[in-house]
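See below for the structure under consideration.
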There are 4 protein chains.
Amino acid sequence: MAAEKFPLKGYTLPLTPEGHSSLVDPPPWYYGGEVMQLIFRTDAARAKELIPPPLESGPDPGQGIVWFTEWVSVSELNLDLAFINPERAVYRECLVMIQCSFQGETGYIVPYVWVDNDFTLMRGFVQGFPKKLARIYLTRLSELNPKVGGKRAGAKMKGICEAHGERIVEGSLVLTQQVEPSDLPPVKFYLMRHFPNIEDATTPTVHEIVSSIVSDVKVTDIWKCEATLKFSESAVEEVAALKPVEMLGGFFHNMGFTIKGGKVLHNYCSAGIAR
Amino acid sequence: MAAEKFPLKGYTLPLTPEGHSSLVDPPPWYYGGEVMQLIFRTDAARAKELIPPPLESGPDPGQGIVWFTEWVSVSELNLDLAFINPERAVYRECLVMIQCSFQGETGYIVPYVWVDNDFTLMRGFVQGFPKKLARIYLTRLSELNPKVGGKRAGAKMKGICEAHGERIVEGSLVLTQQVEPSDLPPVKFYLMRHFPNIEDATTPTVHEIVSSIVSDVKVTDIWKCEATLKFSESAVEEVAALKPVEMLGGFFHNMGFTIKGGKVLHNYCSAGIAR
Amino acid sequence: MAAEKFPLKGYTLPLTPEGHSSLVDPPPWYYGGEVMQLIFRTDAARAKELIPPPLESGPDPGQGIVWFTEWVSVSELNLDLAFINPERAVYRECLVMIQCSFQGETGYIVPYVWVDNDFTLMRGFVQGFPKKLARIYLTRLSELNPKVGGKRAGAKMKGICEAHGERIVEGSLVLTQQVEPSDLPPVKFYLMRHFPNIEDATTPTVHEIVSSIVSDVKVTDIWKCEATLKFSESAVEEVAALKPVEMLGGFFHNMGFTIKGGKVLHNYCSAGIAR
Amino acid sequence: MAAEKFPLKGYTLPLTPEGHSSLVDPPPWYYGGEVMQLIFRTDAARAKELIPPPLESGPDPGQGIVWFTEWVSVSELNLDLAFINPERAVYRECLVMIQCSFQGETGYIVPYVWVDNDFTLMRGFVQGFPKKLARIYLTRLSELNPKVGGKRAGAKMKGICEAHGERIVEGSLVLTQQVEPSDLPPVKFYLMRHFPNIEDATTPTVHEIVSSIVSDVKVTDIWKCEATLKFSESAVEEVAALKPVEMLGGFFHNMGFTIKGGKVLHNYCSAGIAR
């Protein structure tokens, strides 16, 4: 049998004869969207609990960012996905990140993130984003709506993330002035890939820290904002442990980029770290 | 009791002590959105079946238009609705209209329309739009997504309307060139308000033809498009009776307007027309 | 034109050539389901605010009931609806009722009610139930699930009603013992039908108090329960004004019945009551 | 660092300080539900394409089964999940299986399966079920609904599976007579676990054939049925390649069981099979 080629195709399950039914296509993945950024500081000790070694606290311990976004995303294998099936290519996200560092380089770990379709949930899981499903509601500004209006100083936006009947995260922005790309906080993701062992629930089959390989980042039309942020108590989620938060500001801007995969920085399984 | 004031408030049910829980606020209502227009011609006899007297066929019998839109909409009573609760203010619509005329003035009757939240469903019902719920998926163009791109000649968009597990309407556009507002077909709505009698199912309590009072119409960034349109067979819906359709073209553009209510043109209940 | 028959058919919009696309079929309507009943008492003054004249407070002012139910419902015109399209026929409901009386006969007004599909939303609106859309989650007991189990003393159930990203109502039951149908509180509905005037938002076209014509009521397998109930603050809803509530008990039982329409008890439009 | 204990807890992402936010709890997992079974035969060559070596065709090549089910499921760590949050514990599934064998023992591979919440999607992914999200609609029989009625000869049920605006699978049953548990086809699952490598999309990190460890299986109230089944063309899914199907019968019954994990039968990564 050693000579036999594995007959099914796909980057993730389902693997199929034609290989175009996989929940996720292989990278490169292409992204574009408008991003609400809400920058906060929580208790440094609480933030530290979310940063597993070998990652360490960053230079501003307790700092974090929430993104509310509607992404348009396609893959190299299916560049027309936003046309063929917009249900797949257009999705919303509420992402919570906490500043950390690895070997002296500052970045962000993502302890919590919610999205609203299955393809991005699984694509996140493969990369190390701990995605769950939610319903995410975002204010859309409207230049031609006589009473809403478009992007301008004073425009108000809200993001709401609701899962299993609970409002988990709520944030708002008031646009104040246009600023330069250099005013945005740089974001580098340190992610944790993890896949359980089906024979032994106590020891994962895959457990590694990964950095995303992100390129072609563009940001345009950047507005500095006043921001508010609220994490709510939940019977399921632990994000409310980050309360109370002090707000450090916010931004609203367009963004596009490419993700070509990731690089494994640390493998817990082979490193012999006690789990 | 004649002197007693009715104590509950609201434009529609629920009527409540504070009056801010009504499913719909009173007009004026303000709208803004990007509109996909798909212009078609069906068999004139089939179109005529959807035009009740005293409305008559229009000058181009069998002509019709499908709109796919994501609206941002607020009311005079709640101008901040898109901020306070975007789930209420942002919704999608797939609207099918058929050309008709009333006393020599050309307009459109709306035999079928689907939306994706309850407030617009009921606001439509009150105006005479026969709204049902659906899931509506729309391509979003993305200037900064490296492989999707923004509005330009060649950009492709799709709208999909699915209800009760059936794909009811699907349409697509390919943008070709920017054109002037005067290139758009003028649209005036003739709508049918209808509310059953609870004591006698054969005779409605309200049954009237209404024209919408629309003002402040603005359109910008208008693209002429090639269009396709597909109505699908359904165990529930009758829109597939309009098949086959010949395409007359399409447009994609921004639009904003105000609706201040409607004017009753014909009251079936008082007119003594046999029903 | 007086001799012309109105060519479109249907009980509600959309009226169509074939008449089988109406959002709602005419009565009779047939119902069956398992009902969680949560009986409470709120401040009598708060309850009274929800009871419009000529309805009056009932013999136990401030008493109310919440029902959480999954209904299976079909109409005389479409007896096979639960087979042809279960998405239409199976829906969930969270209904809040307040005791009242009319000409000395005790019943319940329904100030708030949420459901999860469009056909029941509109069927409710026609009857005078002020329905809005929500997501409603109900514990399902399971005889064969090794750790959940079926109906028995000690079994625990929960109902959750979430709308526009807010958890509006939450209630729970613990089954204690089987009891007789005569132990259930009798429920007669006094409902308010209301349809706005499109020319004048201040004066409705239809505004009347109606009693439902309910027959063939059957209840089986009735369990007395301990109950809890929680109304939550909301940016949209007013039901939290009924807080705090004292619990008077609960029930869980099967129920079936037929609704053949309603009888108008009071017409506000013709009665000349100041509104 | 070798002595440091990994500080975050959970069976799957997200790993958290408290460990109760994981999308999936560790096994044992407990299940109960009513199962619609639709037994079919497709072209044996088409079925064979879905069976990867070392699995082989079963004794009845081309035979397959579709299950439509609403499950109630809890885990050992959270036995009260169906009470605490029914949104998590109650979900629907449409599962397509194809007969195969491993070392002479007959079982089923699951090439396609759809569910309607995220927790079961991920729990399936960990076990080797290639789950995607869908909306799944199931007829519910209703003893007390005057026109629907309960389980009996002649009762009709339907299951519908819709994803990304397409109706993917539709099946129906007509109950004919009660039969014994021994009349049901025995089902043993051979599943494929698969997790991509983030550094190299062509070689998965995990790729293995697993058999589920299922115990405590109980079935009650088993009805033999006439069955129909329809797979539909899709722009995304490949299940329609199984058309046309010949129906071999159907069943409707209660079922409960426990899953304690799985046993790896074959590891593609270590076996050196060309992929």
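The values are calculated or read from the model by the stated rules, or taken from the named source; none is laboratory data. Since the model is a prediction, treat every value here as computed from it, not as a measurement. Cβ sites come from the backbone with ideal geometry, for glycine too, and all protein chains shown count toward neighbours.
Across the stretch C:51-83, the qualifying residues are those that are among the β-branched types (Val, Ile, Thr) and closer than 12 Å to D:Arg140 by Cα, and the one among them that is farthest from the chain's Cα centre (by Cα) is C:Val74.
Number of residues in the stretch D:88-144 that are over 17 Å from C:Pro86 (Cα atoms), surrounded by fewer than 23 Cβ atoms within 10 Å (Cβ to Cβ) and acidic (Asp, Glu) equals 1. Number of residues in the stretch C:13-50 that are more than 9 Å from every other protein chain (Cβ to nearest Cβ), hydrophobic (A, V, I, L, M, F, W, C) and buried (at least 17 other Cβ atoms within 10 Å of the Cβ): the value is 7. The set of residues in the stretch A:14-45 that are within 30 Å of A:Pro185 (Cβ to Cβ), in a strand (DSSP E or B) and of a type outside the set (Lys, Arg) comprises A:Trp29, A:Tyr30, A:Tyr31, A:Gly32, A:Gly33, A:Glu34, A:Val35, A:Met36, A:Gln37, A:Leu38, A:Ile39, A:Phe40.
The set of residues from the stretch D:221-275 being among the small types (Gly, Ala, Ser) and either at pLDDT below 95 or closer than 30 Å to C:Leu141 by Cα (or both) comprises D:Ala227, D:Ala235, D:Gly249, D:Gly250, D:Gly256, D:Gly261, D:Gly262, D:Ser270, D:Ala271, D:Gly272, D:Ala274. Within the stretch B:107-124, the set of residues being over 13 Å from C:Ser21 (Cβ atoms) and out of contact with any Lys or Arg (no Cβ under 6 Å at 6 or more places or on another chain) comprises B:Tyr108, B:Ile109, B:Val110, B:Asn117, B:Thr120, B:Met122, B:Arg123. For the stretch C:136-167, which positions are charged (D, E, K, R) and touching a His at 6+ places or on another chain (Cβ under 9 Å)? Result: C:Glu162, single match. Against the definition (within 30 Å of B:His266 (Cβ to Cβ), part of a strand (DSSP E or B) and in contact (Cβ under 8 Å) with a residue 60 or more places away in the chain), how does C:Ile168 come out, yes or no? Here the answer is no, as C:Ile168 does not meet what is asked. Counting only residues that are more than 11 Å from chain C (Cβ to nearest Cβ), part of a loop (DSSP other than H, G, I, E, B) and either under 26 Å from A:Arg88 (Cβ atoms) or of a type in the set (Val, Ile, Thr) (or both), the stretch D:143-165 holds 2 of them.
Which ones in the stretch D:192-211 are in a strand (DSSP E or B) and within 9 Å of another protein chain (Cβ to nearest Cβ)? Scanning the stretch D:192-211 gives D:Met192, D:Arg193, D:His194, D:Phe195, D:Val206, D:His207, D:Glu208, D:Val210. For the stretch A:171-187, filtering for residues that are outside any loop (DSSP other than H, G, I, E, B) and either surrounded by fewer than 19 Cβ atoms within 10 Å (Cβ to Cβ) or among the aliphatic types (A, V, I, L, M) (or both) leaves 10.
All of (1) free of Cβ contacts under 8 Å to residues at least 60 places away in the same chain; (2) surrounded by fewer than 23 Cβ atoms within 10 Å (Cβ to Cβ); (3) within 11 Å of another protein chain (Cβ to nearest Cβ); (4) of a type outside the set (Asp, Glu) hold for C:His266 with one exception: (1). If only residues of the stretch C:216-234 that are more than 9 Å from every other protein chain (Cβ to nearest Cβ) and among the polar types (S, T, N, Q) are counted, the one that is nearest to C:Lys188 (Cα to Cα) is C:Thr228.
State whether one or more residues within the stretch C:141-157 are in contact with an Asp or Glu (Cβ under 7 Å, 6 or more places away or on another chain), of a type in the set (A, V, I, L, M, F, W, C) and at pLDDT 95 or above. Within the stretch C:141-157, none of the residues are in contact with an Asp or Glu (Cβ under 7 Å, 6 or more places away or on another chain), of a type in the set (A, V, I, L, M, F, W, C) and at pLDDT 95 or above.
Looking at C:Ile198, is it free of Cβ contacts under 8 Å to residues at least 12 places away in the same chain and either under 22 Å from B:Phe6 (Cα atoms) or in contact with a Ser or Thr (Cβ under 7 Å, 6 or more places away or on another chain) (or both)? So C:Ile198 fits the description; yes.
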